[in-house]
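Working notes, beginning with the structure itself.
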Amino acid sequence: MVKKVDHIGIAVESLDEALKFYEEVLGMKLQGIEVVEEQKVKVAFLPIGDTEIELLESTDKEGPIAKFIEKKGEGIQHIAYRVDDIEKALQEMREKGIRLIDEKPRYGAGGAKIAFLHPKSTKGVLVELCQRD
Ligand code: ZN
C-alpha cells in the first residue's frame with residue numbers, strides 16, 4: 001500500500017553546516033527551506049531521483065529534533081513512505097495492530113498530510129506516512 005520512499009528525514013545540528021556537505025560534497029541542489037512551527041523545525045529540501053532528502057534543524061531546544069539529537073546524535077530520524085489516502089492507510093495500520101503516534105493526519109512540510117507510526121511497531125524505525133495531493 002505504500003508507493004515509494006517520499007523522503008528521508010535527517011536530523012542535523014545546523015542546516016548551514018549540513019548543506020555544505022550535501023551541496024558542496026555530494027553536489028545536490030537545495031530546493032527550498034521551510035519552517036514548520038508545529039514541529040519546531042526548519043526543513044531543507046534536496047530532491048534526488050524521485051525522492052528527496054529533508055534536513056531537519058530544530059528551532060527550539062525542546063522540539064522533537066533537538067531531543068532526538070540529544071539522545072542519538074545527528075543522523076537519520078525518519079523514513080517517509082508515500083500513500084494515496086492517508087486516512088485509509090491509518091485505518092489499515094490500526095486494524096493491523098500498529099501503534100500510531102498520530103491518530104489523525106497533520107500537515108507537514110510542503111503542505112503534505114503526514115502521520116507517524118511508533119518505532120516500537122516498526123522494528124525501530126520512525127515511519128512517516130505521507131500523502132501529497
Ligand atoms: Zn518527514
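The values are calculated or read from the model by the stated rules, or taken from the named source; none is laboratory data. As the structure is a prediction and not an experimental result, all values here were calculated from the model. Every residue, glycine among them, receives a Cβ derived from its backbone with ideal geometry; neighbour counts consider all protein chains shown.
For the range 94-114, give me the residue count where each residue is farther than 16 Å from VAL5 by Cβ and within 15 Å of the ligand (Cβ to nearest atom).
Of the range 94-114, the ones farther than 16 Å from VAL5 by Cβ are 94-107, 111, 113.
Those still in the list that are within 15 Å of the ligand (Cβ to nearest atom) too: 101-102, 105-107, 111, 113.
Total satisfying the criteria: 7.
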(request) Among what's in the range 19-57 and is more than 14 Å from GLY110 (Cβ to Cβ) and in contact (Cβ under 8 Å) with a residue 40 or more places away in the chain, pick the residue that is surrounded by the most Cβ atoms within 10 Å (Cβ to Cβ). (result) GLU57
(message) Residue under question is ILE65, and the condition is that it be in a helix (DSSP H, G or I), within 12 Å of the ligand (Cβ to nearest atom) and buried (at least 17 other Cβ atoms within 10 Å of the Cβ); does it hold?
(response) yes
(message) Based on this model, can you work out whether PRO119 counts as out of contact with any Gly (no Cβ under 8 Å at 6 or more places or on another chain), over 22 Å from LYS20 (Cα atoms), touching a residue at least 24 places away in the same chain (Cβ under 8 Å) and within 15 Å of the ligand (Cβ to nearest atom)?
(response) no
(message) If I ask for residues that are of a type in the set (Val, Ile, Thr) and within 14 Å of the ligand (Cβ to nearest atom), which ones from the range 1-34 would you list?
(response) VAL2, VAL5, ILE8, ILE10, VAL12
(request) Restrict the check to the range 49-60 and report whether at least one residue is of a type outside the set (D, E, K, R), within 22 Å of GLU13 (Cα to Cα) and away from the ligand (no atom under 12 Å from the Cβ). (result) yes
(message) Filter the range 122-133 down to the residues that are away from the ligand (no atom under 13 Å from the Cβ) and surrounded by 15 or more Cβ atoms within 10 Å (Cβ to Cβ) and list them by number.
(response) THR122
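Answer yes or no as to whether GLY9 is at pLDDT below 95 and not in a loop (DSSP other than H, G, I, E, B).
Here the answer is no, as GLY9 does not meet what is asked.
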(message) So LYS96 ticks every box in (1) closer than 17 Å to VAL125 by Cβ; (2) surrounded by 12 or more Cβ atoms within 10 Å (Cβ to Cβ); (3) without any contact (Cβ under 8 Å) to a residue 24 or more places away in the chain but one. Which box is left unticked?
(response) (2)
(request) Among what's in the range 107-121 and is surrounded by 12 or more Cβ atoms within 10 Å (Cβ to Cβ) and at pLDDT 95 or above, pick the residue that is farthest from GLU13 (Cα to Cα). (result) SER121
(message) Within the range 56-74, take every residue that is under 12 Å from the mean Cα position of the chain (by Cα) and over 16 Å from ALA112 (Cβ atoms) and give me the one that is modelled with the lowest pLDDT.
(response) PRO64
(message) Tell me whether the range 84-93 contains one or more residues that are within 14 Å of the ligand (Cβ to nearest atom) and surrounded by 14 or more Cβ atoms within 10 Å (Cβ to Cβ).
(response) yes
